[in-house]
4 protein chains.
Amino acid sequence: MSLPRTGPVRSEAARLAILEATAALFAERGYEHLTIEGVAARAGVGKQTIYRWWRSKGALVAECLLEGLLFDDRLALPDTGDVRADMQAWLTTVFAVIDAEPGLVLSLLAAAAEHPEVGARLRDSLTGSASISGRLDAAIGSTTALRPGVATEQLAEALIGAVVLRALSRSSSDADDAARLVDAILGDAAD
Amino acid sequence: MSLPRTGPVRSEAARLAILEATAALFAERGYEHLTIEGVAARAGVGKQTIYRWWRSKGALVAECLLEGLLFDDRLALPDTGDVRADMQAWLTTVFAVIDAEPGLVLSLLAAAAEHPEVGARLRDSLTGSASISGRLDAAIGSTTALRPGVATEQLAEALIGAVVLRALSRSSSDADDAARLVDAILGDAAD
Amino acid sequence: MSLPRTGPVRSEAARLAILEATAALFAERGYEHLTIEGVAARAGVGKQTIYRWWRSKGALVAECLLEGLLFDDRLALPDTGDVRADMQAWLTTVFAVIDAEPGLVLSLLAAAAEHPEVGARLRDSLTGSASISGRLDAAIGSTTALRPGVATEQLAEALIGAVVLRALSRSSSDADDAARLVDAILGDAAD
Amino acid sequence: MSLPRTGPVRSEAARLAILEATAALFAERGYEHLTIEGVAARAGVGKQTIYRWWRSKGALVAECLLEGLLFDDRLALPDTGDVRADMQAWLTTVFAVIDAEPGLVLSLLAAAAEHPEVGARLRDSLTGSASISGRLDAAIGSTTALRPGVATEQLAEALIGAVVLRALSRSSSDADDAARLVDAILGDAAD
DNA sequence: GCTTAAGCGAGACGGTACGTCTGGTCTTTGG
DNA sequence: CCAAAGACCAGACGTACCGTCTCGCTTAAGC
């Protein structure tokens, strides 16, 4: 596979081929078994072209994460207006994904543990893009836990954290687990 | 007619030397840079002696974890009777450890992401030995979040999860962060 | 006080496979295009097994030379009793080989220029094993140049040197050239 | 009517800078470690400018040789009228140079082995410019070996060849060796 | 006490991937 | 429109570890 040659400015074609190869290999074999040589071969690129622009495997994965090449749309938080129901539905989906493809999340965690840049991006991806704390803010007053003045950002972090822990401990989780977790975090409906 | 079992038995000295070398190298260089060859050399042991008894680097680390060789005593949850104060104090300490030696926790997370056995043990170590959910159970009724029937185990998980997330995202945290997190999880004092 | 333990021993099979692969690739592609990776692949051997026992490509080639894997029997000096005729016949053969496969000799020269060990072995192979100076010694008195007291070793060196020069300059040489050279070195028949 | 094709012409400055950089790097690091990239960097020139005008590293070195950039004047054959003495003196100098800077000659030999053009030029440089065979011709009759009808060109070749062989085999040589070699080639003084 | 087989230290083996270096080609940009 | 600069693909370099496999030694259980 040969790419169209470009000049002494950075080749966008090469960059894209590399990121796509990274995402594909990451999905297929996981972070641990992702190799620079494998990416280079798959992308039809010289190894040096990777080393020229990325410092490490982790930086490569971080950029994939940033470009949204690693997550699909299943993991978006739904918005029906009912925070509790939305969160339960979302958590149930997330648990199902972790059960079905534990490697995806675990690989991401391994990458995050190894490279600060992945860690930072991962947190943004999880708390930010799913915008959980935003939804919690909007629902303040509707449950006992969401009382005025509560730090919704920490609640969101705790929720995501619980998910991460379940992934790490390989405990398989179902809809009931999701409900229990949401109830624990949100409290009862406000009177 | 059974074949006679003869021959020497497993060397306890070798086992201990290996676990100690593993713990030392883990602390010095982190999980990623821990190598079986390095452990063998440090322990003054043949590689085969390691492979005979452990299936992988992860199994080695998991056993160290189980034997308490990786954590020191700083990380025990204090018990003054005041749950909120105890948790804040504990979290503050944990955050300080993460800030001071991020490698320790991150390496453990990397190991957990790679090896199920480490993940399982890690969760036990964190939630079990600190026995957070036990303390929460005992405090039911004392805060708005600790209402009767709440799943304290999920609350404990969420709390630990938040800690893990902060470690992964390398956000440095202080006593205020600890307080905010505890307040978000526990809610207000009960009336 | 413990004696050094012995451990596994060097694999003769690997050693031979490596030398044979080296000789084959040397003959096929020449010294310049001989690569350690190629030798390892051809020999079915890990690269480290080569680096463990040889310091360089040159050392490898030198050992092949020493084991006689690079030269075939065409290049042995015949012995009919007539020194002049033998030398002419031999030179004619050597010139023919150089004309037909210049790469063989040139590669050897390149290797010798790069690695002292090859140079030393090459000289031994050429002057020693062909034992030209021995033949000259035996013929002392039979030609004007082979007078008593003459340094036959230098004469042999000069002869071989002339051959090397012709190889380097790619001048194709025939039987007449061989005769002229032999006559120049040996002088006329003694009266 | 067509305008004369103008356009820039080959830059003499670039050509000289390249040749000088080549000669300098050759002297410093030898033929093996001479790289096109190194030459380009040293000459302040793009790699393509080299590849445009020379086909290979060898061609570059050959042109340096032709321009006399590689040899200094030490290596000229003196002319006192006494052939034997002149040759001994010259050989002694040559041996000393080889002993002191073996890399220079060896690098040249490596280049010659790799590239025909260098080989041809090298032979011309050595036999031609030192014009040994001319001197031998002029001395015909003065020694037993220099009898009428002898092929002085082959004698010259043999002499140079002996020098080349000594360089290749790294045998250090002194004035006595020079004398022995000259005596072997020239024979005794004619009666 | 002798036999004998497993555990031991050591380390060679076939491999994979690393991160670096150079070769030779091809473009862009500036003079 | 040439020459500098340098990005590109390709692939060899020498190193680090992997996990497996002998080696010869030591040692404890069972005859």
**Item:** Relative contact order (%) - region B:80-191, alpha-carbon pairs under 8 angstrom, separation at least six
**Value:** 38
**Charge dipole magnitude, Cβ of K and R +1, D and E -1 - chain C, Cα centre, debye nearest 20** = 1080
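Defining a contact as two alpha carbons under 8 Å apart and six or more residues distant in sequence, what relative contact order in percent does chain C show?
21
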**Prompt:** Could you give, in nm with one decimal, how far residue B:27 is from each other copy of that position, shortest first, with labels 7 Å out from Cα toward Cβ?
**Reply:** 4.4, 5.9, 6.1
**Prompt:** Measuring from centroid to centroid over Cα atoms, what is the spacing of region D:148-191 and region B:70-127 in Å?
**Reply:** 83
**Fill in**
Note to self: with every protein chain in place and a 1.4 Å probe, chain B gives an accessible area per residue in Å² of 47
**Message:** Defining the label point at 7 Å along Cα→Cβ, can you sort the distances from residue C:190 to the same site in each other copy, shortest first, in nm?
**Reply:** 2.2, 12.6, 12.6
**Request:** Considering the rotation that carries chain D onto chain B, locate the chain D residue whose Cβ comes closest to its axis and report the distance in whole Å.
**Result:** D:33, 17
**Request:** Report, in order of residue number, the helices in chain C meeting two criteria: a C-alpha extent of 24 Å or more along the helix axis, and a mean Kyte-Doolittle hydropathy of at least -1.0; treat each whole DSSP H run as one helix.
**Result:** C:12-29, C:83-100, C:152-169
**Message:** Pick from B:144, B:92, B:80 the residue whose mean-square fluctuation is largest in a GNM of chain B, springs joining Cα atoms under 10 Å.
**Reply:** B:80
**Prompt:** Which pairs, out of A:57/D:57; A:47/D:57; B:57/C:57, put more than 28 Å between their alpha-carbon atoms?
**Reply:** A:57/D:57; B:57/C:57
**Max mean-square fluctuation residue, GNM over chain D, Cα-Cα springs under 10 Å, options D:165, D:69, D:108** = D:165
**Message:** For a Förster distance of 25 Å, can you work out the FRET efficiency between the beta-carbons of residue A:41 and residue C:33, rounded to the nearest 0.05?
**Reply:** 0.60
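Could you work out the helix-only [θ] at 222 nm for chain D, with each DSSP H run of four or more residues adding -39,500 (n - 2.57) and the total divided by the number of residues, to the nearest 500 deg cm²/dmol?
-19500 deg cm²/dmol
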**Request:** Could you look at the protein assembly as shown and say what percent of its accessible area is carbon and sulfur, using a 1.4 Å probe and all protein chains?
**Result:** 53
**GNM flexibility winner over chain A from A:99, A:137, A:72 (Cα, springs under 10 Å)** = A:72
**Prompt:** Do you know the relative contact order of region C:12-66, to the nearest whole percent, from alpha carbon pairs under 8 angstrom that are 6+ apart?
**Reply:** 43
**Fill in**
Once accessible area is computed for C alone, D alone and the pair with a 1.4 Å probe, the total buried surface, to the nearest 100 Å², works out to 3100
**Shortest-first distances to equivalent copies, position residue B:38, nm, label 7 Å out along Cβ** = 2.3, 3.5, 3.7
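The values are calculated or read from the model by the stated rules, or taken from the named source; none is laboratory data. Remember, predicted model here, so these are calculated numbers, not experimental data. Here Cβ is always computed from backbone atoms with ideal geometry, including for glycine, and neighbour counts include all displayed protein chains. Accessible surface areas use protein heavy atoms only, side chains included; no ligands, DNA or RNA. Shrake-Rupley method; radii C 1.70, N 1.55, O 1.52, S 1.80 Å.
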